[in-house]
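The values are calculated or read from the model by the stated rules, or taken from the named source; none is laboratory data. Fair warning: this is a prediction, and the values are worked out from it, not measured in the lab. Note that we place each Cβ from the backbone using ideal geometry, even for glycine, and neighbour counts take in every protein chain shown. When the accessible area is computed, the model is the full protein with side chains, heavy atoms only, and any ligands, DNA or RNA have been set aside. Shrake-Rupley method; radii C 1.70, N 1.55, O 1.52, S 1.80 Å.
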Amino acid sequence: MKPILLTGDRPTGCLHLGHYIGSLQNRLALQDRYKSYIMIADWQALTDYADRPERITSNVLEVAKDYLSIGIDPAKSTIFIQSQIPQLAELSLLFLNLVTVARLERNPTVKNEIQQKGFEQSIPAGFFCYPVSQAADITLFQAQFVPVGDDQLPMIEQTNEIVRKFHRLYGEGILQECQAVLSEKSGRLVGIDGKAKASKSLGNAIFLSESADQIQQKVFQMYTDSEHIRVNDPGTVEGNVVFAYLDAFHPDQAEVANLKEHYQRGGLGDMTLKRLLNQTLQAFLGPIRERREAFHDDDVRQVLFQGTTQARIDAEKTMSRVRQAIGLEYFA
Ligand code: TRP
């Protein structure tokens, strides 16, 4: 039996290169060796978009297309929609009794996001509790491995705490503890402004579906080194966004090492580097965009329907064991 892996993304928009580096490339590499579930986390996205559901619902199909266009293969990976698996809600409700409010308050990812989104006193309870629903996502499918960006490590930790508590209370062996699979390269891709990690909300990301022109524009806007005025000046590689992207995407890392040396010595211009990066990203994203454009919506919907149907069957297996362990089978 292959080990089981599960991940997901919130469909607040199309996926970008930050998603790719953070976890998509790992999912792609692992789908042959693992039984993979990939979940489109529309419920989780609604925890802070309850007033704008169309923003979420309209992006579900787009995210699915992103998956398929980078090469996630529905024959190997079960792609499904979170909100269509009622057992996830059922398990989340039971898990809520296994965590304290104080523990949720200490979750660093949630803390950060509350600050970023400026929720302060008006945190939606669903948002505050989303680590619990994420624990349900992972454990309902018995996942052992979870490819995520390092910002998600606190979720994995909290999931395992819930699993241990569940086992202490209701008996061992029902659920599975899990571990994160982090990407080998730069776990977090910096945004084109160089100020923060690439994200849709900060407007500093390059999307997988971006047009050739948009890619070029964004590459030419990238932050390099504000002290590097003349070509012959020595330049700085640390914090230089162009080099961060060359590190992440250029196929020949020896060449990137040479370029870094040249740049630091002086004599290598920003425009030359940007042109090279533009070529690199066009070569990477071009085929992805072409594949994306060839998909018919109906076929993508069919992939989601089939994945979701399969996921529901698998979900029920764990859920019936959970009900039994707690004694919630009154009519069995
Ligand atoms: N919280 C994750 C994110 O924001 C998305 C997600 C939801 C997820 N459920 C998951 C990731 C389960 C891994 C496993 O990116």
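Specify the residue that is farthest from the ligand (Cβ to nearest atom); the eligible residues are those in the stretch 34-51 that are over 18 Å from Phe128 (Cα atoms) and open to solvent by less than 20 Å² (accessible area, probe 1.4 Å).
Just the residues of the stretch 34-51 that are over 18 Å from Phe128 (Cα atoms), to begin with: 34-40.
Those left that are additionally open to solvent by less than 20 Å² (accessible area, probe 1.4 Å): 36-40.
Values: Ser36: 12, Tyr37: 9, Ile38: 9, Met39: 6, Ile40: 9 Å.
Residue satisfying both the conditions and the ranking: Ser36.
Kindly indicate the residue of the stretch 191-206 that is open to solvent by less than 80 Å² (accessible area, probe 1.4 Å) and hydrophobic (A, V, I, L, M, F, W, C) and also modelled with the lowest pLDDT among those meeting that condition.
Ranking the candidates gives Ala196 first.
Can you confirm whether Arg301 is closer than 24 Å to Val163 by Cβ, open to solvent by 70 Å² or more (accessible area, probe 1.4 Å) and not small (Gly, Ala, Ser)? Outline the logic, then answer.
Working: closer than 24 Å to Val163 by Cβ: no; open to solvent by 70 Å² or more (accessible area, probe 1.4 Å): yes; not small (Gly, Ala, Ser): yes.
No: the conditions fail for Arg301.
Has the stretch 20-37 got any residue that is among the acidic types (Asp, Glu), in a loop (DSSP other than H, G, I, E, B) and farther than 23 Å from Val163 by Cα? Explain how you work it out, then say what you get.
Within the stretch 20-37, the subset among the acidic types (Asp, Glu) is 32.
Within this subset, residues satisfying the condition of being in a loop (DSSP other than H, G, I, E, B) are 32.
Okay, now just the ones that are also farther than 23 Å from Val163 by Cα, so 32.
Checking the stretch 20-37: at least one residue is among the acidic types (Asp, Glu), in a loop (DSSP other than H, G, I, E, B) and farther than 23 Å from Val163 by Cα.
For the stretch 225-245: of the residues being among the charged types (D, E, K, R) and open to solvent by 50 Å² or more (accessible area, probe 1.4 Å), which is farthest from the chain's Cα centre (by Cα)?
Within the stretch 225-245, the first condition is being among the charged types (D, E, K, R), and the residues that meet it are 225, 227, 230, 233, 238.
Next cut, open to solvent by 50 Å² or more (accessible area, probe 1.4 Å) only: 227, 230, 238.
Numbers: Glu227: 34, Arg230: 39, Glu238: 25 Å.
Restricting to residues being among the charged types (D, E, K, R) and open to solvent by 50 Å² or more (accessible area, probe 1.4 Å), the top hit is Arg230.
Determine, yes or no, whether Glu62 is at pLDDT 95 or above and farther than 30 Å from Arg164 by Cα. Steps first, answer last, please.
Details: at pLDDT 95 or above: yes; farther than 30 Å from Arg164 by Cα: yes.
Yes: the conditions hold for Glu62.
Out of the stretch 14-33, which residues are of a type outside the set (Lys, Arg), more than 9 Å from the ligand (Cβ to nearest atom) and at pLDDT below 95? Steps first, please.
Start the filter on the stretch 14-33 by keeping residues that are of a type outside the set (Lys, Arg), which leaves 14-26, 28-32.
Adding the requirement that they be more than 9 Å from the ligand (Cβ to nearest atom) leaves 14-18, 20-21, 24-26, 28-32.
Of everything in the stretch 14-33, those that are of a type outside the set (Lys, Arg), more than 9 Å from the ligand (Cβ to nearest atom) and at pLDDT below 95 turn out to be Gly18, Tyr20, Ile21, Leu24, Gln25, Asn26, Leu28, Ala29, Leu30, Gln31, Asp32.
Right, Ala248: open to solvent by less than 40 Å² (accessible area, probe 1.4 Å) and of a type in the set (Gly, Ala, Ser) or not?
On the way: open to solvent by less than 40 Å² (accessible area, probe 1.4 Å): yes; of a type in the set (Gly, Ala, Ser): yes.
It is true that Ala248 is open to solvent by less than 40 Å² (accessible area, probe 1.4 Å) and of a type in the set (Gly, Ala, Ser).
For the condition farther than 27 Å from Ala196 by Cα, of a type in the set (A, V, I, L, M) and within 13 Å of the ligand (Cβ to nearest atom), what is the one hit in Leu88, Leu68, Leu94?
Numbers: Leu68 fails: within 13 Å of the ligand (Cβ to nearest atom); Leu94 fails: within 13 Å of the ligand (Cβ to nearest atom).
Within the list Leu88, Leu68, Leu94, the selection yields Leu88.
Which number in (1) open to solvent by less than 20 Å² (accessible area, probe 1.4 Å); (2) under 24 Å from Ala205 (Cα atoms) marks the one condition that Phe220 misses?
If we test Phe220 against (1) open to solvent by less than 20 Å² (accessible area, probe 1.4 Å); (2) under 24 Å from Ala205 (Cα atoms), just (1) comes out false.
Restricting the search to the stretch 151-190, which residues are within 24 Å of Gln253 (Cα to Cα), within 16 Å of the ligand (Cβ to nearest atom) and open to solvent by less than 60 Å² (accessible area, probe 1.4 Å)? Give the derivation first.
Residues of the stretch 151-190 that are within 24 Å of Gln253 (Cα to Cα), as a first pass: 181-190.
Pick out the ones that are also within 16 Å of the ligand (Cβ to nearest atom) and you get 181-183, 187-189.
Once the filter is applied, which keeps residues that are within 24 Å of Gln253 (Cα to Cα), within 16 Å of the ligand (Cβ to nearest atom) and open to solvent by less than 60 Å² (accessible area, probe 1.4 Å), the stretch 151-190 yields Val181, Ser183, Gly187, Leu189.
Among helices (runs of 4 or more DSSP H) lying entirely in the stretch 149-257, which contain 3 or more residues that are touching a residue at least 60 places away in the same chain (Cβ under 8 Å) and among the charged types (D, E, K, R)? Spell out the reasoning first.
On the way: elements: 153-170, 212-221, 241-249.
Ranges flagged: none.
Of everything in the stretch 1-13 that's part of a loop (DSSP other than H, G, I, E, B) and at pLDDT 90 or above, which residue is nearest to the ligand (Cβ to nearest atom)?
Step one: filter the stretch 1-13 for residues part of a loop (DSSP other than H, G, I, E, B), giving 1-3, 10-13.
Subset that is at pLDDT 90 or above: 10-13.
Working: Arg10: 5, Pro11: 10, Thr12: 9, Gly13: 12 Å.
Ranking the candidates gives Arg10 first.
Would you mind listing the helices (runs of 4 or more DSSP H) fully within the stretch 52-144 where at least 1 residues are within 19 Å of Pro154 (Cβ to Cβ) and open to solvent by less than 10 Å² (accessible area, probe 1.4 Å)?
In the stretch 52-144, the matching helices (runs of 4 or more DSSP H) lie at 86-95, 101-106, 108-116, 125-128, 130-140.
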